[in-house]
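K.L.:
Sending over a structure as structure tokens; questions will come in a sec.
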Amino acid sequence: EKGGYEHFMLKEIFEQPKSIHDTLRGRLLVEEGIIKMAGIWDNLERLNQAQKITIIACGTSWHAGLIGEYLIEEFARIPVEVEYASEFRYRNPIISEKDIVIAISQSGETADTMAAIKMAKEKGAFVYGICNVVDSSISRVTDAGSYTHAGPEIGVASTKAFTAQLTVLSLIALKLGKHNGHLSNQEFMRLCTELETIPQKVQEVLESTHEITKEIAKSFVDAQNFLYLGRGYNFPAALEGALKLKEISYIHAEGYPAAEMKHGPIALIDENMPIVIIAPRQGHYDKIVSNVQEIKARKGKVIAVVNKGDTQVASVADYVIEFPETSECFSPIIASVPLQLLAYYIAVYRGANVDQPRNLAKSVTVE
Ligand code: F6R
């Protein structure tokens, strides 16, 4: 049932072209120029008139939520906050009938997320669910929602569910923006056309980075720390890359927005510190080039995740992982894939149980 793969996690990493495609199927209709999502369409007015959207989630789903914030604010211009469900539920947040809460949960069973939803509903908010497990508790208790169609995720470390969450959040942001007029039809079409190419680009990145991530992993089996850096849409991707490594390899890792380096973490950098830096050409490319130079000046070991054909970052980096270019807003979907592979191989070479890391459970149904 692992389909010839050594672990479920590796199988699930490799399933991503299909799981993203399945999540887009029947929704992204580029020829017709529409995104079809019943949960959004049926509640369009309420969603587009929200005074704010609060996204609640835990762990990897919370990282997806952070990218969802960037997407919805950029394309639909609705203010978004992202909160850990476990914090939200205990702090009497300001939520009313004019608010929309989006709850993201792969399992649909996470206790903290469930409790946060109940509280939001008591305060009158409309709660929209993004779950992977059909008919799960969260999908039943929410007012409306959209499923991710990633298929069953067995590996404890979330991989294909994460990229499917990003896919659904992209669809939602584009659809809201199209209907509330913040996104021109031309821009909407350009982004939809690009989104349709993502499964193919994920396939490409799997093929082109599988060997190199193994090689890099071998060099870092004995590392004790890792930093992951990114800017803009790829800042949450850096957090997620760090979480993957922590969970399965037990190496301490932290994600940071690259520009925050100089406010503290730069003190950690010496020749023993590996730093994964996500630097696609768009967005804040020249800023990140100078971040990389600052790291190299302190002898940090740079693993650069860059677009194909990159020269500026690649020429100063110690290791280079290339991925196909796409719009900045979709780049975390592609850039996350080699980070999953890197975490996977480091953990495998350390002899860790990647599918069932110590102390972790697939769904956290206790507080
Ligand atoms: C990370 C991981 C956890 C979950 C978190 C939320 O790989 O699996 O951080 O993302 O426990 O789980 P769901 O999405 O099921 O609510």
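The values are calculated or read from the model by the stated rules, or taken from the named source; none is laboratory data. This structure is a prediction, so every number in the text was calculated from the model and none was measured. So basically every Cβ, Gly included, is an ideal-geometry build from the backbone, and we count neighbours across all protein chains shown. The area values use the complete protein model at the heavy-atom level, side chains included, leaving out ligands, DNA and RNA. Shrake-Rupley method; radii C 1.70, N 1.55, O 1.52, S 1.80 Å.
K.L.:
If you stretched the chain out fully between Q293 and Y84, how much longer would it get, using 0.36 nm times the residue separation minus the C-alpha to C-alpha distance? Walk me through the numbers on the way to the answer.
P.N.:
Working: separation 209, 0.36 × 209 = 75.24 nm, distance 3.37 nm.
Length difference between fully extended and current span is 71.9 nm.
K.L.:
While we're on this one: On the accessible surface of the chain, probed at 1.4 Å, how many percent belong to carbon and sulfur atoms? Don't jump to the answer; show the numbers that get you there.
P.N.:
Working: 7010 of 14630 Å².
It is 48 percent, rounded to a whole number.
K.L.:
Right, here's the next one. With label points built 7 Å along Cα→Cβ from the Cα atoms of E207 and K2, find their separation and express it in nm.
P.N.:
2.5 nm
K.L.:
Can you order the peptides 336-342, 201-207 by their average number of other Cβ atoms within 10 Å per residue, highest first?
P.N.:
Values: 336-342: 28.3, 201-207: 19.9.
Going from most to least packed, we get 336-342, 201-207.
K.L.:
Between segment 162-176 and segment 96-119, what's the alpha-carbon centroid distance in Å?
P.N.:
Measuring centre to centre over Cα atoms gives 17 Å.
K.L.:
For the chain, with a Gaussian network of springs between Cα atoms less than 10 Å apart, report the residue from E122, E12, E31 with the top mean-square fluctuation.
P.N.:
Highest fluctuation of the listed residues: E31.
K.L.:
Let me ask something else. Can you give me the accessible area per residue for the chain, using a 1.4 Å probe, in Å²? Don't skip to the end; give the middle numbers.
P.N.:
Details: 14630 Å² over 367 residues.
That works out to 40 Å² per residue.
K.L.:
Further question: Please arrange W41, W62 by accessible surface area, largest first, computed with a 1.4 Å probe and ligands excluded. Don't jump to the answer; show the numbers that get you there.
P.N.:
On the way: W41 150, W62 35 Å².
Order by accessible area, largest first: W41, W62.
K.L.:
Then there's this: So if R0 is 51 Å, what FRET efficiency would E122 and E187 give, r being the distance between their Cβ atoms, rounded to the nearest 0.05?
P.N.:
Numbers: r = 38 Å, r/R0 = 0.75.
For E122 and E187, the calculated efficiency is 0.85.
K.L.:
Sketch the reach of a paramagnetic label on A361 as a point 7 Å from Cα along Cα-to-Cβ, and name the residues of segment 99-140 whose backbone nitrogen lies under 11 Å away.
P.N.:
Within reach of a label on A361, which here means backbone N under 11 Å from a point 7 Å along Cα→Cβ, segment 99-140 contributes 110-111.
K.L.:
Additional query: Does anything in segment 179-203 have its amide N under 19 Å from the 7 Å Cα→Cβ label point of V30, and if so which residues?
P.N.:
Once the point is set 7 Å along Cα→Cβ of V30, 184-203 turn out to lie under 19 Å by backbone N, inside segment 179-203.
K.L.:
Straight-line reach from K18: which lysines fall under 25 Å, measuring Cα to Cα and dropping same-chain residues less than 8 apart?
P.N.:
By straight Cα distance, K18 reaches K2, K36, K160, K175, K201, K214, K244, K308, K362.
K.L.:
Each label point is 7 Å from the Cα along the Cα-to-Cβ direction; what then is the distance between the points at N353 and R46, in nm?
P.N.:
4.4 nm
K.L.:
Hey, can you grab everything whose amide H is under 5 Å from the amide H of E325? Only 5+ residues off in sequence or another chain; H modelled, so Pro and N-termini drop out.
P.N.:
K308
K.L.:
Cα extents of the chain along the three principal axes, largest first, in whole Å?
P.N.:
Per principal axis, max minus min of the Cα coordinates gives 53, 46, 44 Å.
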